[in-house]
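Scroll down for the structure; my scribbles are underneath it.
Since every read-out is calculated from the coordinates, none of them should be taken as a lab result. Worth saying up front: this structure is predicted, and the values here are computed from it rather than measured. Counting neighbours? That spans all protein chains shown, and the Cβs are built from the backbone with ideal geometry, glycine included.
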Amino acid sequence: MESSRRVAVVTGGASGIGLGIARRVAEQGMAVVAADWSADACAGAAESLGGYEAPTVVVEADIGTEAGSAEAIETAIERFGRLDLLCNNAAIHPTATVEEMDVTAWNEAFRVNVTGAFLCSQRALPHMKKQGAGTIVNIGSVSGVSPYVGGGAYAVTKAALAMLTRVLALEAGPFGITVNCISPGSIQHRTQGGGNTAHIPVGRGGTIDDVASLVTYLASVEAKYMTGATLVLDGGATAGRKRAGVAVERLPEPGGER
């Protein structure tokens, strides 16, 4: 059992944003447990994460169940002896209007997106309290702040996740544990080619690296005074509205000519 190396658990960690976060923390020397319910994704992640000096473990587990969440957290404790970062990233995204939404799909979104984060946090907290330190980062969405037609189930679960963040911050803060939520906007792995970026002030869609960088910052000593926050990571897309016909001159890229 290793005990000196910092340890992270990333749910939904075998693909997309979760895999990007797992890679980033492994690059920074943290041992990683990536938990995911997809056997195929887990097989690919095991190969993708195998080249880092830091040890990595990929666990096939449904974190929306008590057994699956326990497996994700206890694998970290049994294998590495501690837990420093829990990143609750796993989520599903059913699409339908409220009138058309099947109640089974609605409940499943809550089971994975909210209950999964609750269960993993519940399992992680005793270990972090024992250490007197730890970080929980929940991956929300701008949909939890600014929803769209057809994405109601996802939006409501992400709004609930932001509130769970605040509750956990209140309860865990006295034990040296910080809890924050990142709410990404348009991330390029979801929008092939970056999608339409006309509404984004910085002129581009977000990347997985943008999200992973913020996760590692929140897990660092530099962010030890930040807790209970929901950080919108959307290039300014939800900051306000652009007026039609009003152009904003962009600065040249560093080193480029104007």
Going by how many other beta carbons lie within 10 Å of each one, how would you line up 21, 177, fewest first? 177, 21
Quote the charge dipole size of segment 71-218 about the Cα centre in Debye, to the nearest 20; the model charges only the Cβ of Lys and Arg (+1) and of Asp and Glu (-1). 400 debye
How many Å³ per residue does the convex hull of the Cα positions in the chain occupy? 151 Å³
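If you count, for each residue, the other Cβ atoms within 10 Å and average over each peptide, how do 29-35, 124-130, 234-240 line up from highest to lowest? Intermediate values should be presented prior to the final figure.
On the way: 29-35: 25.4, 124-130: 18.4, 234-240: 15.6.
Final packing ranking: 29-35, 124-130, 234-240.
Give the longest segment of the chain that steers clear of chymotrypsin sites (Phe, Trp or Tyr not before Pro) in DSSP loops with at most 16 neighbouring Cβ atoms within 10 Å, not counting the sites themselves. Intermediate results must be reported in sequence, preceding the final value.
Numbers: sites that count: 148, 225.
Answer from the scan: 1-147.
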Rounded to the nearest 10, the angle in degrees between the Cα long axis of helix 16-27 and the longest principal axis of the Cα atoms of the chain comes to 60 degrees
If you place +1 on the Cβ of every Lys and Arg and -1 on the Cβ of every Asp and Glu, how big does the dipole about the Cα centre of the chain come out, in debye to the nearest 20? 880 debye
Rounded to the nearest 500, what is the chain's calculated 222 nm mean residue ellipticity when only DSSP H runs of at least 4 contribute -39500 (n - 2.57) each, over all residues? -11500 deg cm²/dmol
If Lys and Arg each add +1 and Asp and Glu each add -1, what is the summed charge of the other residues whose beta carbon sits under 13 Å from the beta carbon of residue 145? 0
Return the loop-located GluC sites (Glu not before Pro) in segment 43-133 (DSSP other than H, G, I, E, B) with at most 13 other Cβ atoms within 10 Å of their own Cβ; answer none if there are none. 53, 99, 100
